[in-house]
1. Would you please name the residue that is farthest from the other protein chains (Cβ to nearest Cβ), looking only at residues in segment B:80-90 that are outside any strand (DSSP E or B) and either exposed (fewer than 15 other Cβ atoms within 10 Å of the Cβ) or at pLDDT 95 or above (or both)?
2. Look at B:GLU138 and say whether it is over 12 Å from B:CYS59 (Cα atoms) and modelled with pLDDT of 95 or more.
3. In segment A:73-90, how many residues are charged (D, E, K, R), under 25 Å from the mean Cα position of the chain (by Cα) and over 22 Å from A:ALA145 (Cβ atoms)?
4. For segment B:45-64, which residues satisfy the criterion of being closer than 21 Å to A:ASN281 by Cα and in contact with a Ser or Thr (Cβ under 6 Å, 6 or more places away or on another chain)?
5. Just name the residue that is farthest from B:PRO157 (Cα to Cα) out of those in segment B:96-128 that are buried (at least 16 other Cβ atoms within 10 Å of the Cβ) and in contact (Cβ under 8 Å) with a residue 60 or more places away in the chain.
6. Report, by residue number, each residue of segment A:23-69 that is assigned to a loop (DSSP other than H, G, I, E, B), closer than 19 Å to A:ARG95 by Cα and either touching a helix residue (DSSP H, G or I) at 6+ places or on another chain (Cβ under 6 Å) or not aromatic (Phe, Trp, Tyr) (or both).
7. Collect the residues in segment A:263-292 that are small (Gly, Ala, Ser) and either closer than 16 Å to B:GLY11 by Cβ or in contact with a strand residue (DSSP E or B) (Cβ under 8 Å, 6 or more places away or on another chain) (or both), keeping them in residue-number order.
8. Would you check if A:GLY82 is closer than 24 Å to A:ASN25 by Cα and either among the hydrophobic types (A, V, I, L, M, F, W, C) or at pLDDT 85 or above (or both)?
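The values are calculated or read from the model by the stated rules, or taken from the named source; none is laboratory data. Note that the coordinates shown come from a computational prediction; the quantities given were computed from them, not determined experimentally. Because the Cβ atoms are built from the backbone with ideal geometry, glycine has one as well, and the counts that use them run over all protein chains shown.
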Amino acid sequence: MAGKIKIVLFEDTEQTRSGLLEGLNEHLKDGEAISFGQSEESPEDMERMYQDRLESILSKAPYDEATMLVVDRDLSKSQNFGGLSDDTVAAAAKRLAIPICSYARQQAPDDYNWRARWEEGRIFLSFENDEELARKAVLAARGFAEIAGGLRGVMKDRARRSPARVLATLLGKPEYSDKIALYSVGDQTRLAEILAKDETDRVKRMECFLGYWLWDSLLRYPGLLVNEVAAASYLNIATVDFEKSEVRAVFAQALYGGPFADSKRPHWWRGMLDDIVSGENCSDGLELARKKVSSMINPSQCCEDPSKPAGYYCIISGQPVSLENSKGGFSWFPRGADLTRISKTKFDEYGPWLGV
Amino acid sequence: MSGKEVRLPSGVRSAYENFLEAFRDAVEVAGGQITFPDVPLPSCFTLSGNGMSVAFSRCLYVKHLPCRKLSGSKRLDVVVKAVEEITRDSWSLTKSTVYLNYFVVAKDSALLAQSLHFDFVEGGQPGHPFFHLQLTDEPIPQDDLEKTGFNLHLELPDQPNECWVTTRLPTPDMTLASVLYCLVADHFANFFGPFAERVQSIQEQLPQPSFEALKESLQDSSLHFKSSHWFAHLREPTQHPG
């Protein structure tokens, strides 16, 4: 783990700010959360673009060396920054290679929840309540800090310098570097980020890059890692049965424990699930769970046709889906995400645009 | 039980996956195109042999194999279909048949220029060399071709050559990986070095063919016609004095 974690909170409503700050500091036992507020600026400085001013302010105490910025989507009432939005803060943060995590506190704007699921290069947190928001923000900051802490040592070894190798080493799974590399194929956004890095803050940019890559791609698209629904589907266990602690215990060794690991929304290493199942000479997770836990465990069900076992994960509906009732291999899927599919219904709904 | 998907040790699945990805990259870097059916690799492994074995089946279609002999208006494509069987107790290869169909493509038509398959069965087959290549005139089934994205009008040779059907040439131990390895060497020679280096470490992780009779024969004597080794499974073991 790197030094002390520092979170800078951008929130323009006083009442919300104090509550969130308190929540963040409660979860942040190994760091501090401070609020972005008044800064000393000359009248000339205040004439500059918001993005330039923010970059300058965030480079100085007390905001410098921030681990992550936590930013409300709507900052229009900010003092000295009327009409500010999270996009402007994000632009300044990008220049400084500081990770950013946005949230929208007001009740469930659909477009925001959609962005939380799909957008890249920033962490979007969907809102449930202040306590959960603070918990998830701290978890994200801790993930970036964990990457920062490990990265300096890993970067010394020139042989490990490909991003996939670096990330595989950071995750303690050097044997998966080929698979991690398959998550970068075709991603021009990230390529641009790598090519834009300069020598002076190279490591800092790598921290940001690797963190977003892990969050946006490896943890999002089932393949190398699987979320709860995808794990259950792959193991051929009904989603509800896979929620049972005695079933989970069978596969506990495969739990992902790296940066951004969330005990409330866990992930598993898919290869380790394979080894647990095949090591017991079983053909799938259902056979193993029935052997170890109960013969009443149910098989997974395809969301399109419950008479079929699933095996795969529909990235749009978040449901288990069978091979026959889904489509895959889209150019915008990371190539390593071989358990990620789109169910036929969703494919028909969105039509040929998904194939672009 | 047969036909049901089965989970393999991650090392075995990864070996196939990594090899196929390395092959894909070699083809694409060399300017070729490669397509696979919309079946992710985990679904290519199914239970067989009363649950004692795993069957592996995979097709792939490579377009634009460099070929100097063809005029500019034509191109050479190849479709590869592998059917292998792996035993679950030792994760070794007990069966491998790799079909290759070479097509000369002009506009929307594909003429089957060459069909062949490499074959191996643990324990050998009567009358067949242990590992062998058989020249045939049979196309890979249309359904398999179409699933790879092959959407050309298939033309078969006018005069099937009946002689091909019986020609079985002894070969080294050829499996899907060996066949793809040779394809890169043969058609994408400028890119073979990096490919060979990349897949070197994968070789040992892939299920190895089980061919004890041939190994014993080779170890036993190297002083007679070499081809006899490829029929070692059909002969009585040599009795050693003492």
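1. Our first condition is that a residue be outside any strand (DSSP E or B); within segment B:80-90, this holds for B:88-90.
Subsequent filtering for residues that are either exposed (fewer than 15 other Cβ atoms within 10 Å of the Cβ) or at pLDDT 95 or above (or both) retains B:89-90.
Numbers: B:ASP89: 9, B:SER90: 13 Å.
If we take residues in segment B:80-90 being outside any strand (DSSP E or B) and either exposed (fewer than 15 other Cβ atoms within 10 Å of the Cβ) or at pLDDT 95 or above (or both), then B:SER90 is farthest from the other protein chains (Cβ to nearest Cβ).
2. Working: over 12 Å from B:CYS59 (Cα atoms): yes; modelled with pLDDT of 95 or more: no.
No, not satisfied.
3. To start, the set of residues in segment A:73-90 that are charged (D, E, K, R) comprises A:73-74, A:77, A:86-87.
Add one more test, that the residue is under 25 Å from the mean Cα position of the chain (by Cα), and what stays is A:73-74, A:86-87.
If we keep only those that are over 22 Å from A:ALA145 (Cβ atoms) too, we end up with A:73-74, A:87.
So the answer is 3.
4. B:LEU47, B:SER48, B:SER53, B:ALA55
5. B:GLU122
6. The first filter runs over segment A:23-69 and keeps only residues assigned to a loop (DSSP other than H, G, I, E, B), leaving A:28-30, A:36-44, A:48-49, A:59-67.
When the remaining residues are screened for being closer than 19 Å to A:ARG95 by Cα, the result is A:36, A:48-49, A:59-67.
Residues satisfying the conditions are A:ARG48, A:MET49, A:SER59, A:LYS60, A:ALA61, A:PRO62, A:ASP64, A:GLU65, A:ALA66, A:THR67.
7. If we filter segment A:263-292 for residues that are small (Gly, Ala, Ser), which is where we start, we get A:263, A:271, A:278-279, A:283, A:285, A:289.
Hits for segment A:263-292 are A:GLY271, A:SER278, A:GLY279, A:SER283.
8. Working: closer than 24 Å to A:ASN25 by Cα: no; either among the hydrophobic types (A, V, I, L, M, F, W, C) or at pLDDT 85 or above (or both): yes.
No.
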